[in-house]
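What follows is a short report on a single structure.
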Amino acid sequence: MPSPRSARKSRANGEGTVYQRKDGRWEAAGYVLTTSGTRKRTRVYGSTRKEAVDKLTERMAANNRGLPAPAADCAIGVYLQHWLDNIAVHQLRETTHTRYRATARLYINPILGKKKLGRLATKDVRAFLDQLRTQCQCCIRGLDTQGICCSAGNCCGKRLSPLTVSYVHSVLKSALQHAVREDELPRNVARNVPAGTPRPKRTEPLTAAEARQLLRAAEDHRLQALFELALRTGLRKGELLGLQWSDLDLDSGTANIRRTLQRTSSRGLTTLPTKTTSSERRITLPATCIHSLQGHRRRQEQEGAAAGDGWQESGYVFTTPTGRPIDPTNLTRAFTTLLNRSGLRRIRFHDLRHTAATLLLEQGVELVVIKELLGHAHIGVTAAVYAHVRPRLQQAAITTLSNALSADTAPSGTAATP
């Protein structure tokens, strides 16, 4: 009769071991290649034997495809490179991934890059954030090559804004969280350090009078319909440039926002999914925008006929005179020129979105309606971004209440005087 030990299902060499722990969970262990170039024993856990085996199989399969496992004894700079190249690149939009990479290179690696991942403590993260807040960036990043800044006792005072410090902190937290999921770190020490809540950047959207002035200046512009849409619907720059004629139903007066047009470092000018799932939405077009778009389509047909063989049909609503998609940078230049021509103050193109939302709020439109129109993921985002409007709304509400209380009241038991 075979012993219980010999009756166990054997696993081939290299497949690892699986056993049930005293606490009832199942543990699977096997050897994988780490980011430091060594092999180590990795462990995964599951509530059932199959769950533990599946987790180990997935991790070892990824390792065999050339995806090394993070190691607690590797440097943070090495780990960040591994995380950015192999993990984050599949989870983030390309533009966000580019910002993460720049954040690691410019701010995290110069200070924490050589420290061992497993030795990073809460106090190290706190000191790191304090250093970002207080020390000159020229000297931290080694930019003071001429000896004219801190090394000469004449600091230029180039320090990071609270918003940038908060962003750096969030990137570090995201990277360390992957190491926690891989069981390389017992906890995410960056989560234990509050970076503080940065004050939202105060926007200066156009007033209603300034918005009307801009619309008048855009009346003879070839992109008049685009500026109309930006001011009257609050669409983002990339959403406007990513609109295709197939997204529009001018008969019913609706537009489907399905994509965004952006320039990326790897693919150049390309279409990407909307910023969030909530950003993919259907909006109602104002009558003035429908009229402008109809005129814009006729103009585009004329440009196509004039270009002849040089016309490149792309299907986009807003194109160059030869049918190509418009680069976001070129749209910014055209917008700046329009501002100068109209005599308005300098604002960002994105401030047209803020203008639309601010004017809607001031007209008494409910916050939830504005959230759906702008495509915000949460209503809290809408409320936070446009917090500067609330004092004006409160003043109007208090004035209305004061007028009601100051009105003549009729004696008790009689009708009020109309």
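The values are calculated or read from the model by the stated rules, or taken from the named source; none is laboratory data. Model, not experiment: these values are computed from the prediction. Please note: Cβ atoms are built from the backbone with ideal geometry, for glycine as well, and neighbour counts cover all protein chains shown. These area figures cover heavy atoms from the full protein model, side chains too; ligands, DNA and RNA do not enter into them. Shrake-Rupley method; radii C 1.70, N 1.55, O 1.52, S 1.80 Å.
Structure above, values below:
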{"item": "Wholly enclosed helices (runs of 4 or more DSSP H) of the range 315-388 bearing at least 2 residues of a type outside the set (S, T, N, Q) and at pLDDT 90 or above", "result": "328-342, 351-362"}
{"item": "Residue within the range 334-342 that is among the hydroxyl-bearing types (Ser, Thr, Tyr), without any contact (Cβ under 8 Å) to a residue 60 or more places away in the chain and open to solvent by 20 Å² or more (accessible area, probe 1.4 Å) present", "result": "yes"}
{"item": "Extreme residue, most open to solvent (accessible area, probe 1.4 Å), among residues of the range 249-258 that are of a type outside the set (Gly, Ala, Ser) and part of a loop (DSSP other than H, G, I, E, B)", "result": "Asp251"}
{"item": "Complete set of residues in the range 320-333 that are over 19 Å from Arg297 (Cβ atoms) and either of a type in the set (Asp, Glu) or open to solvent by 30 Å² or more (accessible area, probe 1.4 Å) (or both)", "result": "Asp327, Thr329, Asn330, Thr332, Arg333"}
{"item": "The range 39-56 - residue that is among the basic types (Lys, Arg) and not in a strand (DSSP E or B) and, of those, surrounded by the most Cβ atoms within 10 Å (Cβ to Cβ)", "result": "Lys55"}
{"item": "Flag for Leu241 being open to solvent by less than 10 Å² (accessible area, probe 1.4 Å) and in contact with a strand residue (DSSP E or B) (Cβ under 7 Å, 6 or more places away or on another chain)", "result": "yes"}
{"item": "Restricting the range 70-99 to residues that are open to solvent by 10 Å² or more (accessible area, probe 1.4 Å) and in a loop (DSSP other than H, G, I, E, B), the residue that is nearest to Arg43 (Cα to Cα)", "result": "Ala72"}
{"item": "Filter result (of a type outside the set (S, T, N, Q), touching a Leu at 6+ places or on another chain (Cβ under 8 Å) and free of Cβ contacts under 8 Å to residues at least 40 places away in the same chain) within the range 244-291", "result": "Gly253, Ala255, Arg259"}
{"item": "First in the range 212-225 and under 17 Å from Arg297 (Cβ atoms) and open to solvent by 10 Å² or more (accessible area, probe 1.4 Å), second anywhere and part of a helix (DSSP H, G or I) and of a type outside the set (D, E, K, R), Cβ under 6 Å, 6 or more apart", "result": "Gln224/Ser292"}
{"item": "Single match in Leu206, Leu229, Leu261 (criterion: buried (at least 19 other Cβ atoms within 10 Å of the Cβ) and part of a loop (DSSP other than H, G, I, E, B))", "result": "Leu206"}
{"item": "Ala195 closer than 30 Å to Pro162 by Cβ, of a type in the set (Gly, Ala, Ser) and either in contact (Cβ under 8 Å) with a residue 24 or more places away in the chain or not in a helix (DSSP H, G or I) (or both)", "result": "yes"}
{"item": "Of all residues in the range 271-286 being among the β-branched types (Val, Ile, Thr) and modelled with pLDDT under 90, the one that is least open to solvent (accessible area, probe 1.4 Å)", "result": "Thr274"}
{"item": "Selected residue [farther than 18 Å from Arg333 by Cα, over 20 Å from the mean Cα position of the chain (by Cα) and open to solvent by 10 Å² or more (accessible area, probe 1.4 Å)] from Ser174, Ser246, Ser170", "result": "Ser246"}
{"item": "Output for the range 330-346, where each listed residue is within 26 Å of the chain's Cα centre (by Cα) and closer than 20 Å to Ala225 by Cβ", "result": "Asn330, Leu331, Thr332, Arg333, Ala334, Phe335, Thr336"}
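Rundown of residues vs (1) within 30 Å of Tyr19 (Cβ to Cβ); (2) at pLDDT below 85, yes/no style:
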site: Asp73; (1), (2): yes, yes
site: His97; (1), (2): no, no
site: Gly118; (1), (2): yes, no
site: Val125; (1), (2): no, no
site: Arg133; (1), (2): no, no
site: Cys139; (1), (2): no, yes
site: Leu143; (1), (2): no, yes
site: Gln146; (1), (2): no, yes
site: Cys150; (1), (2): no, yes
